[in-house]
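Here's the structure we're looking at; comments come further down.
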Amino acid sequence: MSFLLPVGITSYQAELPKVFSSNSIGCLSAIPTSINGRRWINICGIFGYIGKQNASEVVLAGLKRLEYRGYDSWGIAILADQIKINKKVGAIGDLNQALNLPKSSIGVGHTRWATHGGVTDINAHPHFSTDKSFCLAQNGIVENYQKLKDDLLKKGYKFQTETDTEVIVRLIEEKLKKTRDLKEAVRQAFLELSGRNTVIILTKYGRIIAARNGSPLVVGVNNKEIFFSSDTLSFAPFADKIVVIDNGQMVYYNGKLNVIDIKSGKSLPYRLEKIDFHSSKVDKEGYDHFMLKEIHESPYVINQIVNRAESQFENFIKAVKQAKNVYTIGSGTAGVAASQIAFYLRVFAKIKAQSVIGADIFEYYDLLSKDDLIIAPSQSGETADVLEVLEIAKKRKVKIASLVNMPGSTMTRMSDFRFMSFAGPEICVMSTKVFTSQIAWGYLLGKVISGKGKVGRENLKILSQEMERYLDAQSNHELIKKLAKRLGKSKDIFLLGKYQNFNIIKEGMIKIIEGSYIHAHGIPAGDLKHYAITLMEKGVPVVVVVSEDVAKGDVLNAVNQVKARGATVIGISSTSHPSFDHYIPVPNTGETQAIMNIIPLQLLAYYMAVELGHNVDKPRNIAKSVTVKYYN
Ligand code: BG6
């Protein structure tokens, strides 16, 4: 019996990252749900389907496209004569596991990253109501779950699991006793939850209900099917349009789509937005890992930045020039991109832009005013740390610009200026091509504001060609692979850089840490003498990025200092230097040199991760997008 799978799935399926190869199971069990008492809350994925295909297979395929977000168990529920659930710890199964569910036209699914409650089959989602009239899956964390659970225990409810999710299910049941209407019961229960949550519910009457506050939720439609998901990528090849559900809204389908304001219970109008994600072929296309494929896509994403009409910048340029303060903000790799964007605004556009990282308690909160402007680069557009700052900024009428790769994201929705990276799906948890596109965008923005947009575009076109040539030369890969073998044995790795390359060595540090789990430390070259010089001794590896710019002399001076103390120096530069023990040549691309320089560092991190046998596309303990906060 062969089921018609949505187009594009089979190729994706065959190409799935080996999330759960043997070592990663070990890695999986090594994933703590709390680190020194601080709960490391991660993300889950939800998916729902109503349509003409076999629901269990479409949902399974949807979950596989959400797999890159990280998970430790999964589950699918469909409605046949009654609701049937198949849920397990471990890797999302193959089709037969979906096939052992009856055929149906409606179903929901979930990938879980354990927060409350261990990694067990029974804790996996979806969770049944007591009378099995509905089941529920959740993405997020109910911060007041203990109080709610205590109240429900007093009312005689029994709990089979340690999850906060089950508390939501019992709370809905409690509301249902009075309202007799499941939608209304969901609405009332959801109002009592605190924390960032999204839930999806399948009912025995063939309805799907979903409610959102914080964790992402988008609805995809074509003329015959409806998809519900945590991100557009999971249904991209099959949906023509999306409806983005905002925080404080719920959506249900009862033959037609209805969007409700959770607070008032009132129906809301909604917009169908076109998406051009169709082209999102999500497979490794012959590369060993998504990471290597995505690094190779960097020249393409730079061309995407160049080819977007200059008009996209018009009104934005005025806003940037008029702003009293310009901030850039991001987390992780996007935080480094934010810093490089601020650098380019200062250097090329003479704008006093400053960057903050999302994870900081943004001490400027009180200083934020309606005359300020914030620029937020983000791959997912859902990073909780950054959203928290942007929500406060919005309340203070600060102008918000976002540069996002995932269509339909929260950050895009809340922005006054909405820029997309158009980098295509980035599956590897370690961001590479999106980072490159973010800083290329920042460079172009700086040039356009300074009235040199044309020169900026020309320089980026040259950069894209040079980068493509660099990546196509196998000798560059062989050289870096050899160094990766050597550095993979290090305990500590230091990186030196300055001026345009300071953020580049910071990003190189992040990549090495993410992929090899080795401690790396990016040092501003000028700071070496103030502290890090004490760590320099025979054989200590120091990767230095030096370019033909105003900082060259300082950086080479720092190189001589570490060399004099016996360090092993790996130089990334367009010209060699006698102090380099190993030399990684890169083409000289002038003003865009920093963007070129990140490529050998991304490749170094990649080959180190491969050399060490790590799960390259899904390193331990990190996820592609952290849509909730740390939690004590
Ligand atoms: C981290 C990712 O969890 O979140 C990083 O591992 C990313 O790669 C960071 O840079 C911020 O995510 P986003 O989606 O805002 O770019």
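For the range 34-274, what relative contact order do you get, as a whole percent, if you take Cα pairs closer than 8 Å and at least 6 residues apart?
Once normalised by length, the contact order is 19 percent.
Return the Rg/Rh value of the chain, two decimal places, where both radii are evaluated on C-alpha atoms and Rh is the Kirkwood radius.
0.98
Quick one: plug the Kirkwood hydrodynamic radius of the range 284-472 (C-alpha pairs) into Stokes-Einstein at 4 °C, 1.567 mPa s, and report D in µm²/s.
Here the translational diffusion coefficient equals 78 µm²/s.
Given the chain, what percent of its DSSP beta bridges are antiparallel, to the nearest 5?
Expressed as a percentage, antiparallel bridges in the chain total about 65.
Sorting check: for 199-211, 443-455, which peptide has the highest mean count of neighbouring beta carbons within 10 Å, and how do the rest follow?
Top of the packing list down: 199-211, 443-455.
Highest first, please rank the peptides 231-241, 580-590 by the mean number of other Cβ atoms sitting within 10 Å of their residues.
231-241, 580-590
With the Cα gyration tensor of the range 34-274 giving a ≥ b ≥ c as the square roots of its eigenvalues, does the rule (a/c under 1.5 for rounded; else a/b larger than b/c for prolate; else oblate) give rounded, prolate or oblate?
Cα axes put the range 34-274 in the rounded bin.
Tell me, what is the percent relative contact order of the range 341-481, built from C-alpha pairs under 8 Å that lie six or more residues apart?
Reported relative contact order: 22 percent.
So for each of 147-153, 466-472 I average, over its residues, the number of other beta carbons within 10 Å; can you give me the resulting order with the highest mean first?
466-472, 147-153
For the range 474-615: lysine pairs with Cα atoms under 14 Å, gap of 8 or more or different chains, count?
7
At 1.4 Å probe size, with the rest of the protein present, what percent of the exposed accessible area of the chain is carbon and sulfur atoms?
53 percent
From the square roots a ≥ b ≥ c of the eigenvalues of the alpha-carbon gyration tensor of the range 177-227, which class results: rounded (a/c under 1.5), prolate (a/b over b/c), or oblate?
Oblate shape, in that a/c is at least 1.5 and b/c is the bigger or equal ratio.
Report the Cα-based extents of the range 474-615 along its three principal axes, largest first, to the nearest Å.
Projected onto the principal axes, the Cα atoms of the range 474-615 cover 38, 34, 24 Å.
So what is the diffusion coefficient of the range 121-211 in µm² per second by Stokes-Einstein at 37 °C and 0.692 mPa s, using a Kirkwood Rh over Cα pairs?
In µm²/s, the coefficient is 254.
Counting only heavy atoms of the protein chains, get the accessible area per residue of the chain (1.4 Å probe) and round it to a whole Å² value.
It amounts to 38 Å² per residue over the chain.
Counting pairs of alpha carbon atoms under 8 Å apart in space and at least six apart in sequence, what relative contact order in percent does the chain give?
Taking the mean separation of contacting Cα pairs over the length of the chain, I get 13 percent.
The values are calculated or read from the model by the stated rules, or taken from the named source; none is laboratory data. Here the structure is a predicted model, which means the values were calculated and not measured. Neighbour counts run over all protein chains shown; Cβ positions are idealised from the backbone, glycine included. Ligands, DNA and RNA are excluded from the accessible area calculation, which covers all protein heavy atoms including side chains. Shrake-Rupley method; radii C 1.70, N 1.55, O 1.52, S 1.80 Å.
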